[in-house]
Amino acid sequence: MTECFDCDNCKESLYGRKYIQMDNGPYCIPCYDAHFANTCDECKELIGHDCRELYYEDRHYHEHCFRCFRCDRSLADEPFTCQGEELLCNDCYCSEFSSKCVACEKTVMPGSRKLEYNGQTWHEHCFICSSCQQPIGSRSFIPDKKDYYCVPCYESKFAPRCTRCKKTLTKGGVTYRDEPWHKECFVCTGCKTPLAGQQFTSQDDNPYCIKCFGNLYAKKCSACTKPITGFGGGKYVSFEDRHWHHNCFNCARCNTSLVGKGFIPDNDEILCRNCSSDL
């Protein structure tokens with residue numbers, strides 16, 4: 001006696017017919033599709049046994065129904081993005097939601113390396129120095145209107161140069177006679193002591209500290225022989241070819257100050273009128 005071989009659902013014989021074997025028994029094709037096939041989320045029709053079925057987030061699709069919402073291209077073997085309830089191919093997503101590179105005007109693809117500054121976006125390799133044309137990458141840069149410079153190029157092109165060493169000044173500095181100097185380069189012409197923040201004067205456009213200027217160029221007091229610089233509120237008295245500090249202009253005999261008073265010269269000495277009358 002021949003063993004029966006029937007569909008587990010409709011009980012019709014499966015001899016000579018296509019069938020699908022399930023855990024609980026064989027099914028003819030119509031019964032299988034009716035009981036086990038999923039419904040396509042797009043067209044709402046059954047996804048038959050002979051169709052390629054795609055599954056995404058608890059939803060089932062025919063292969064030809066799984067497509068980009070914008071351009072209608074199949075997403076079966078393409079990368080895609082879900083934007084809300086819409087499935088979008090990468091091209092449509094980038095065109096709609098990704099920024100464009102300011103330099104090349106091409107889309108900056110999601111996940112690619114980019115640089116954003118002042119509301120604008122560049123591919124990393126498109127953000128280059130306006131002078132040396134090399135990618136700036138993660139290095140510091142300086143904007144100048146619509147141009148962007150790496151720090152070395154900006155300093156070379158725009159930063160002032162020290163009058164003495166001719167190198168660029170990147171911070172601080174001293175201005176002397178409308179010219180820029182590094183603080184460490186602005187020194188006394190005589191002793192080379194730094195003059196930044198110190199009192200100084202000049203001779204023939206060269207800067208000098210007070211001490212060097214006094215020793216080299218200042219008048220000498222006829223009494224103490226020290227330089228008369230006039231700095232710090234110092235005043236002096238001149239008579240013929242001689243000069244005195246105010247506090248040194250005293251009578252040679254009684255040491256009385258002669259500032260604003262009459263005096264009598266006696267060879268190399270100066271005397272008050274009282275002392276001169278005793279001569």
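The values are calculated or read from the model by the stated rules, or taken from the named source; none is laboratory data. Here the structure is a predicted model, which means the values were calculated and not measured. All Cβ positions, glycine included, derive from the backbone under ideal geometry; neighbour counts span all protein chains shown. Just so you know, the surface numbers come from the protein's heavy atoms only, side chains and all, with ligands and any DNA or RNA stripped out. Shrake-Rupley method; radii C 1.70, N 1.55, O 1.52, S 1.80 Å.
Couple of notes before you dig in:
- Estimated dipole of the chain in Debye, rounded to 20 [Cβ of Lys and Arg +1, of Asp and Glu -1, Cα centre]: 3440 debye
- Sequence-distant aspartates and glutamates (8 or more away, or on other chains) whose Cα lies within less than 20 Å of Lys44: Asp33, Glu53, Glu57, Asp58, Glu63, Asp72, Glu85, Glu86
- Largest-first principal axis extents of the Cα set of region 25-142 (Å): 75, 24, 19
- Cα centroid separation, region 208-279 to region 37-81 (Å): 109 Å
- Rg to Rh, two decimals, where region 139-279 supplies the alpha carbon set and Rh follows Kirkwood: 1.32
- In region 81-115, the GluC sites (Glu not before Pro) that fall in loop regions by DSSP, at most 14 other Cβ within 10 Å: Glu85, Glu105
- Qualifying lysines (Cα of each under 16 Å from Cα of Lys145; at least 8 residues distant if same chain): Lys157
- Net charge, Lys220 excluded, C-beta distance under 15 Å - Lys, Arg +1, Asp, Glu -1: +1
- Of all accessible heavy-atom area on the chain, the percent that carbon and sulfur account for (1.4 Å): 46 percent
- Listed by chain and number, the aspartates and glutamates placed with their C-alpha closer than 14 angstrom to that of Lys167 are Glu155, Glu179, Glu184; residues fewer than eight positions away on the same chain are left out.
- Dividing the summed helix terms, -39500 (n - 2.57) for each DSSP H run of n ≥ 4, by the number of residues in the chain produces a 222 nm estimate of -3000 deg cm²/dmol to the nearest 500.
- Taking a ≥ b ≥ c as the square roots of the eigenvalues of the alpha-carbon gyration tensor, region 96-153 is classed prolate because a/c is 1.5 or more and a/b outweighs b/c.
- Size of the chain from its Cα atoms: along the principal axes, largest to smallest, the extents are 171, 33, 29 Å.
- Cleavage-rule hits, trypsin sites (Lys or Arg not before Pro), region 105-159, DSSP coil, Cβ neighbours within 10 Å at most 15: Lys106, Arg113, Arg139, Lys145, Lys146
- Residue-count net charge about Gly84 - beta-carbon cut-off 13 Å; Lys, Arg +1, Asp, Glu -1: -3
- Multiplying each eigenvalue of the alpha-carbon gyration tensor of region 74-123 by 5 and taking the square root yields semi-axes of 24, 11, 8 Å, largest first, rounded to whole angstroms.
- Relative intensity of region 226-278 on a log10 scale, I(q)/I(0) at q = 0.15, 0.20, 0.30, 0.32 Å⁻¹, equals -0.41, -0.68, -1.27, -1.37, per a Debye sum over C-alpha point scatterers of equal strength in the absence of solvent.
- Difference of contour (0.36 nm per residue) and Cα-Cα distance, Ala37 to Asp144: 32.0 nm
- For the chain, the solvent-accessible area works out to 67 Å² per residue, with a probe of 1.4 Å and every protein chain left in place.
- q = 0.17, 0.19, 0.25 Å⁻¹: log10 I(q)/I(0) that the Debye formula gives for region 185-248, counting C-alpha atoms only: -0.60, -0.71, -1.00
- Prolate is the label for region 159-216, because a/c, from the alpha-carbon gyration tensor with a ≥ b ≥ c as root eigenvalues, is 1.5 or above and a/b exceeds b/c.
- Farthest toward positive dipole pole in the chain [+1 Lys/Arg, -1 Asp/Glu at C-beta], among Leu169, Val187, Thr256: Thr256
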